[in-house]
Structures are given as C-alpha cells and as structure tokens.
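These notes concern the structure reproduced below.
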Amino acid sequence: PRPLVLLLGDQLSHDLASLRGLPEGGVVALCEVAAESSYVPHHHQKIALILSAMRHFATELRDRGHRVHYSVLDDPDNAQTLVSEAERLAGLYGCDEVRVVRPGEWRLWQAMRQREHAALPWRLIEDDRFFTTPEDFAAWAQGRKAPRMEHFYRLMRKRTGLLMEDDQPAGGQWNFDHDNREPLPESLAVPEPPHHRHDAVTDDVMALVAEHFPTHFGNLENFHWPVTRRQALGDLRHFLEHLLPDFGRFQDAISDTDPFLFHSRLSAALNLGLLSPREVCEAVEREYREGRAPLNSVEGYIRQVLGWREYVRGLYWTRMPDYKRRNALVTSRGLPAFYWSGDTDLHCLKRAIEMTRDHAYAHHIQRLMVTGNFALLCDVAPEALCDWYLAVYADACEWVELPNTLGMVLHADGGLMGSKPYCASGKYIDRMSDHCRHCRFNPKQVTGPDACPFNSLYWAFLERHADTLSGNPRMKLIYGSLRRMNDDKRAAMREQADAFLAELETAPAYGHGEHL
Ligand code: DLZ
C-alpha cells in the first residue's frame, strides 16, 4: 500500500495512530484550506496558532524522516477543502488510499465516511489520544437514563488509577469543590504568563492572517500561544510551578484586570495535540504526591481533563448530529451585536469580550457565568451562541465547544450536560468578581434605572421558562422565592427585563455582515 496520511490542524501529535507503521513510500499531508478558516469567522489568534503549529509540526515530521507535503493557503493549485485537497495530493503522489484519524468535527467525519468506498478509498482510524473512545463512552452511557459526569469521572479515576489509593479516592473524597470557590482578595500577585518569542514561521503566518482575514474578530498583538510541543511543555512546567497551587481556590473567581489568574491555559495545546491529556494529568498528580500542590487544586484540575473533557467528547460523538439541533428552551434571539465589539455598559460583559478579543481566551467561569449566562437569560438561539464560541476561542474545536455551549451554558440539550441551567443574577457576579465596582449598574437593585440588568433578566427568565424548569428538583428553592414575590414586584421586573430586551441589538448571522 501507498497511503496518503492526512493530518488535520488539531492532530499535531507524533504518536498519532495514522503515523504508526507507515509503509515506505507513504506521504504525510498537512493542508491549509480556506474552508476550515471560514466556516465560522475564527479569531485571528486561533487561525495563526493553528497554521503556525501545523507548519512547525511539518518541519518536525521531515526532521524525523517522513515524506511530507504541506499545502499553503495561497497555493494556486490548492483545492481549498480538506477532502478535495487530500484527494488531489493522493493523485499527485500516486497514493492508493487516504488514511485519517477521526477528526474533531462530525461535519468532517461525515464527509470522510462518504469516501470510504470511493475509487480512492479513505480509511478512518480511531483517535487514541484520549482516555476513552466514543465506543467506550457509548457502552458506559447505554441504558443510563440520565448520564452524569460525576459517575463517569469516578469510573475514570478507578480505571486510570489517577488520585487513587487502592480503590479509594485520595484524601477520602472524590470532589473538593467546596474549597474551590474563594473570591479574589483585595490585592493578589498573579505570576506573569509565559511569553514565547515569535520565530519567522509565526511572523509569516501572522502577516498572512492579517492579510486574508481582515474582517475577522480579534487582534494579534498579544499572541503568546505555544506553537510547538517544546513551547507547550514550557507552559505546562510554568503551570505546575507557578499556578497550580492556587488554581483550586480561585478557580471560580473573576478579575476585572487579569484575564488568566491561575488557569493553566493548556487547553489549546491539548486540543491541537501538542500535549497529551495523560501526561498532563500525571504531571499534575505528581505535584500532589510530592507535596508541592494541595489536593483541592490537583483534584479540581484532573476532574476537568479526565472527567469533563472526556465526558463532553463522549456526548458529542454519541449524540451528533441530532445534538446540534437541540433547543430545549425553544429560543430564537440572534447574538447580541456587542459580542463582536464589547460595546456595552454592562462592565463584566465588556471586560470578558475585550479579553476574548485581545487573547482568544476567557477562562471557564467568564465563559459560563458572564457571556454564557447573559445569552441564556436573553434566550439567545443555540446556533448563534455556539458559532460565536467556536469562532472566538483559540481552544475551540466543535467536539468540546458544542456540548459546553449548547448543553452546559444554554441548557438546550434538556439536561445531559447539567442537571440544571447555570443561570445567575448580578449578585453572583458581584460576589465572585470585582467588576461591579467599575460598572454603572448596581448589582443590589432589581428594578429602576441603575439596576443591574442581570437581575431582572434572571427573574424574567425563570418566569418565562417555568413550564420547563419549575419541576426540576434543583430549581425548587428558587421557584419558591419567585412564587413568594408579590405581583407588583414581579410585574415591575418583567417590564424592566422586557424593556432591556426590546433595546438589545442583535448581530447579523455570519456571512451577512462584517465582524470586526
Ligand atoms: C480551525 C482550523 C483552521 C482555521 N484551519 C485549518 C486548516 O487550514 N487546515 C486544517 O487541517 N485544519 C484547520 N483548522 C482545524 C480544523 O478545523 C479541525 O481540524 C477540524 O475542525 C476538526 O476539529
């Protein structure tokens, strides 16, 4: 056989299954294609990261003796979609099959599966860089009425032995979240994040991105993503030494000035394949075993990577393509226009969007409780919000972005990702952040000209969706409070929220306008 191995932009791992046992004469192809950079208006830094990492990886493969074809975006012969470009190259090199590892999106998986029995057959290979395969997950989920991450996570702990002492969890508990909810103190020194020097490859790619995608969101000024495994390992070391010990306790805190706090920001390197989830979890566990990091930090981190990350991937592959069409709360509002500009008086939203624009990053709790929560409370349609998250975050691949946005943030999957929606009022944001003191709205007021809009939106959301949500046992308390409110107060809140929503401008869908 003379295979062409197609490597995608998020398959940059030297131990990738399709690279193993490659026969003499096999060709490895990496393809920059217009179709992948434009199906959503990806952030400048996301495109620059992926293309620079692909170009560096191609060089590493050549250094290891592989025969590599690298298609650049502006090659006039480039067929500009992954499937057609791979087939063009297979013809060019006289290859008799195309091999590819399961991509990170159902859209591509489907397109590739349709070619399995073509004259030039495609061979699809399982991705074994994760702790589980979609098949494993399906077997676990089968017959469970309500699959829950917590059960899955415990099984994964037992299976891998991570943070286990014999058959018991380290420290006698599976979960230390109650220690992980500290707001930030008045003053706090956060370590400087690692900066990587841009080499000529990254500079070239940055110029290409500025030239080809001038209307896409974001800027390139703060580009510090690791574009090689070596740099990613440097970021991992930085996280272990400087951030992990405090990661846990400040995990849910939000700062008006610091976009990163004690978060690892390893998700982009993990999702592109520069780091493996196993090596990251093992390194984090070692910090606990050797007494350098507390268990609440270490367990909290491992739960993200071993629990949530694998769980969302399992849900994605076992529920697609139906999952993407779920809209349990039947919402239809377009994306608020200020998600593309940051131009809003709601200070928490303004800062989360500005940080996203400047870094192609916001941490979990900003994504969930600020931009996500606001969209939930405004009945933004799942598709509109999901496309935004997929576009603006450097770490966003659909397998992880979709369950997190459609499921966890918008509760549109009817409760597979979370047993209740993560809706919250301005009071919660005030407790966990220092945004409100810079904001013209008052988080303690529900109605009136100075009231924080999150408050009336929150109660109006609960009212609007009472049919779907009030029977949920985890929502009982809050619906009790709503019922005890007198009618006048409820009417005033509803009016305040309706007036706000009536003024809220929405952005045109992608492809119908400019995104700056
Ligand atoms: C996101 C992205 C972009 C912007 N460009 C490319 C590309 O030119 N070539 C490529 O192979 N992959 C790219 N990607 C990543 C793919 O979109 C990603 O591999 C699939 O969506 C599956 O996760």
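Points 7 angstrom from Cα along the Cβ direction at Glu211 and Arg123: gap in nanometres?
For the pair Glu211/Arg123, the computed spacing is 3.8 nm.
At R0 = 22 Å, how high is the FRET efficiency between Ser419 and Met164 if r is their beta carbon distance? Nearest 0.05 is fine.
Working: r = 26 Å, r/R0 = 1.18.
Working from the Cβ atoms, E equals 0.25.
Only four residue types carry charge here, +1 at the Cβ of Lys and Arg and -1 at the Cβ of Asp and Glu. Report the dipole size of the chain about the Cα centre in Debye, rounded to the nearest 20.
Working: 59 positive and 72 negative charges, 331 e Å.
Using only the charged Cβ atoms, the result is roughly 1580 debye.
Against the longest principal axis of the chain, how steep is helix 277-289, in degrees 0 to 90 to the nearest 10, with axes from Cα atoms?
Relative to the chain, helix 277-289 is tipped by roughly 60 degrees.
At 7 Å along Cα-to-Cβ for each site, give me the label-to-label distance between Arg237 and Ala499 in nm.
5.9 nm
List nothing, just return the count: lysine pairs in the chain, 8 or more apart or interchain, with Cα separation under 30 Å.
Lysine pair count for the chain: 23.
Put +1 on the Cβ of each Lys and Arg and -1 on the Cβ of each Asp and Glu in the range 3-125; which of Ala29, Phe57, Leu124 then has its Cα farthest toward the positive end of the dipole?
Leu124
How far apart, in nm, are the 7 Å Cα→Cβ label points at Arg88 and Asn219?
In this crude spin-label approximation the distance works out to 3.5 nm.
Give, as ranges by residue number, the residues of the range 376-410 whose backbone N falls under 17 Å from the point 7 Å along Cα→Cβ of Arg325.
382-384
Given a Förster distance of 25 angstrom, what is the FRET efficiency for His151 paired with Arg333, based on the Cβ-Cβ distance and rounded to 0.05? The partial results should precede the final answer.
Details: r = 34 Å, r/R0 = 1.37.
About 0.15, to the nearest 0.05.
Take the alpha-carbon centre of the range 109-123, take the same for the range 216-284, and report the distance between them in whole Å.
Distance between centres, Cα-based: 36 Å.
Starting from the Cα gyration tensor of the range 337-503, take the square roots of the eigenvalues, sort them a ≥ b ≥ c, and report rounded, prolate or oblate (rounded when a/c is under 1.5, otherwise prolate if a/b is larger than b/c, else oblate). Each step should come with its number before you reach the end.
Values: a/c = 1.96, a/b = 1.23, b/c = 1.59.
Oblate is the answer for the range 337-503, as a/c is 1.5 or above yet b/c matches or exceeds a/b.
Between 0 and 90 degrees, rounded to the nearest ten: what's the tilt of helix 82-92 against the longest Cα principal axis of the chain?
10 degrees
List the residues whose amide H sits under 5 Å from the amide H of Val5, counting only those 5 or more places along or on another chain, with H placed 1.01 Å from N in the peptide plane.
The answer is Val27, Val28, Ala29, Arg99.
Return Val380, Val27 ranked ascending by Cβ neighbour count within 10 Å, so the fewest neighbours appear first. Please list the in-between numbers first.
Values: Val380 25, Val27 20.
Starting with the residue having the fewest Cβ neighbours, the order is Val27, Val380.
According to the square roots a ≥ b ≥ c of the eigenvalues of the Cα gyration tensor, what is the shape class of the range 72-224, taking rounded for a/c under 1.5, prolate for a/b larger than b/c otherwise, and oblate for the remainder?
Numbers: a/c = 2.84, a/b = 1.27, b/c = 2.23.
The shape class here is oblate.
Give the shape of the chain as rounded, prolate or oblate, defined through the alpha-carbon gyration tensor: a ≥ b ≥ c are the square roots of its eigenvalues, a/c under 1.5 means rounded, and otherwise the shape is prolate if a/b is larger than b/c and oblate if not. The partial results should precede the final answer.
On the way: a/c = 1.65, a/b = 1.47, b/c = 1.12.
Verdict is prolate for the chain.
Taking only DSSP H segments of four or more residues, each worth -39500 (n - 2.57), what value at 222 nm results for the chain once the sum is divided by all its residues, to the nearest 500 deg cm²/dmol?
Details: 22 runs with 212 residues, N = 516.
So the helix-based figure for the chain works out to -12000 deg cm²/dmol.
Sort Thr447, Thr59 by Cβ crowding within 10 Å, fewest neighbours at the top. Working shown, then result.
Details: Thr447 17, Thr59 13.
Ordered from fewest to most neighbouring Cβ atoms within 10 Å, Thr447, Thr59 come out as Thr59, Thr447.
Fewest Cβ neighbours within 10 Å first, please rank Val370, Val446 accordingly.
Working: Val370 25, Val446 22.
Result, fewest neighbours first: Val446, Val370.
So the label point goes 7 Å from the Cα of His14 along Cα→C-beta, right? Which residues of the range 37-79 then have their backbone N under 13 Å from it?
Zone members listed by number: 57-66.
We did not get these values from a lab; they are worked out from the coordinates using the rules stated. The model shown is predicted, which means the values in this text are computed figures rather than measured ones. FYI the Cβ positions are ideal-geometry reconstructions off the backbone, even for glycines, and counts take in every protein chain you see.
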